[in-house]
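Please read the structure below before turning to the comments.
The values are calculated or read from the model by the stated rules, or taken from the named source; none is laboratory data. Note that this is a predicted model, so its numbers are computed, not measured. Every residue, glycine as well, gets a Cβ built from its backbone with ideal geometry; the counts of neighbours run over all protein chains shown. Side chains are part of the model used for accessible areas, which takes the heavy atoms of the whole protein and leaves out ligands, DNA and RNA. Shrake-Rupley method; radii C 1.70, N 1.55, O 1.52, S 1.80 Å.
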Amino acid sequence: AQTVTQSQPEMSVQEAETVTLSCTYDTSENNYYLFWYKQPPSRQMILVIRQEAYKQQNATENRFSVNFQKAAKSFSLKISDSQLGDTAMYFCAFMKHTGGYQKVTFGTGTKLQVIP
Amino acid sequence: EAQVTQNPRYLITVTGKKLTVTCSQNMNHEYMSWYRQDPGLGLRQIYYSMNVEVTDKGDVPEGYKVSRKEKRNFPLILESPSPNQTSLYFCASSFTSGARGTQYFGPGTRLTVL
């Protein structure tokens, strides 16, 4: 079974600064996908960024980027130029990709507070 | 508008009274999933479906049933709810598995079992 660990239950960052959220996972799979989701106080789950394990290049979406280290099984999220609207819970997720499966494992989340 | 809808959004019920939470998507997605979210535990997958009449267990399927008779609908059934099923429930859908199949989440259903 896969496990996903987010070791930082809470973090804070000053507005306009950069913050990195950590995520590690454990799997014996070779083909898989990794995601970061944002959950603001509204509780809506919003995809932030995704990474295919077979791609060496780190994914980037505007102010959000990841540092994907496959050998170390690490998938951290960097938020640049933090904005007040980034205040939310952030979840790391692992998706196994084998024969049509869509088993997904989430981490326990990191609560990020952006301070004005 | 492309969306995943869940009903009801809030539900308070009593132990043992059967209930169904509906989930519907209008994007013609093959994959649909149910998750529960509990404080400190993140989201845990209950069941998922790869297409009509094809479902499989996630990590916490005990006490739940699902069915997929139509592509757009994926109801979650609690035959005999218990207080430990009090949680926030999310339905999600996607076109295909993997990163191309980004999951679209519904707004959530807050369930309280007394």
Residue satisfying all of: in the stretch B:1-25; among the hydrophobic types (A, V, I, L, M, F, W, C) and more than 21 Å from residue A:43 (Cα to Cα); farthest from the chain's Cα centre (by Cα) among these: B:14
Candidate set: the stretch B:26-54, residues that are polar (S, T, N, Q) and over 12 Å from the mean Cα position of the chain (by Cα); chosen: the one most open to solvent (accessible area, probe 1.4 Å): B:28
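Every residue, every condition in (1) within 21 Å of residue B:59 (Cα to Cα); (2) touching a Leu at 6+ places or on another chain (Cβ under 9 Å); (3) within 9 Å of chain B (Cβ to nearest Cβ); (4) among the β-branched types (Val, Ile, Thr), yes or no:
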{"residue": "A:44", "(1), (2), (3), (4)": "no, no, yes, no"}
{"residue": "A:50", "(1), (2), (3), (4)": "no, yes, yes, no"}
{"residue": "A:68", "(1), (2), (3), (4)": "no, yes, no, no"}
{"residue": "A:72", "(1), (2), (3), (4)": "no, no, no, no"}
Members of the stretch A:80-90 found to be closer than 19 Å to residue B:39 by Cα and touching a Lys or Arg at 6+ places or on another chain (Cβ under 8 Å), listed by number: A:88, A:89, A:90
Positions within the stretch B:47-65 being away from chain A (no Cβ under 11 Å) and over 17 Å from residue B:29 (Cα atoms), in sequence order: B:60, B:61, B:62, B:63, B:64, B:65
Enumerated strands (runs of 3 or more DSSP E) restricted to the stretch A:5-105, each holding at least 2 residues that are open to solvent by less than 40 Å² (accessible area, probe 1.4 Å) and over 23 Å from residue B:91 (Cβ atoms): A:19-21, A:46-52, A:64-69, A:74-79
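Checking the condition free of Cβ contacts under 8 Å to residues at least 60 places away in the same chain, closer than 19 Å to residue A:44 by Cα and of a type in the set (Lys, Arg), which residue from B:72, B:68, B:44 passes?
Exactly one of B:72, B:68, B:44 is free of Cβ contacts under 8 Å to residues at least 60 places away in the same chain, closer than 19 Å to residue A:44 by Cα and of a type in the set (Lys, Arg), namely B:44.
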Any hit, the stretch B:9-26, residues being of a type in the set (Phe, Trp, Tyr) and closer than 19 Å to residue B:96 by Cβ: no
Complete set of residues in the stretch B:35-50 that are of a type in the set (A, V, I, L, M, F, W, C) and within 12 Å of residue A:105 (Cα to Cα): B:41, B:43, B:46
Enumeration of residues in the stretch B:73-83 that are touching a strand residue (DSSP E or B) at 6+ places or on another chain (Cβ under 8 Å), more than 27 Å from residue B:2 (Cα to Cα) and not in a strand (DSSP E or B): B:79, B:81, B:82, B:83
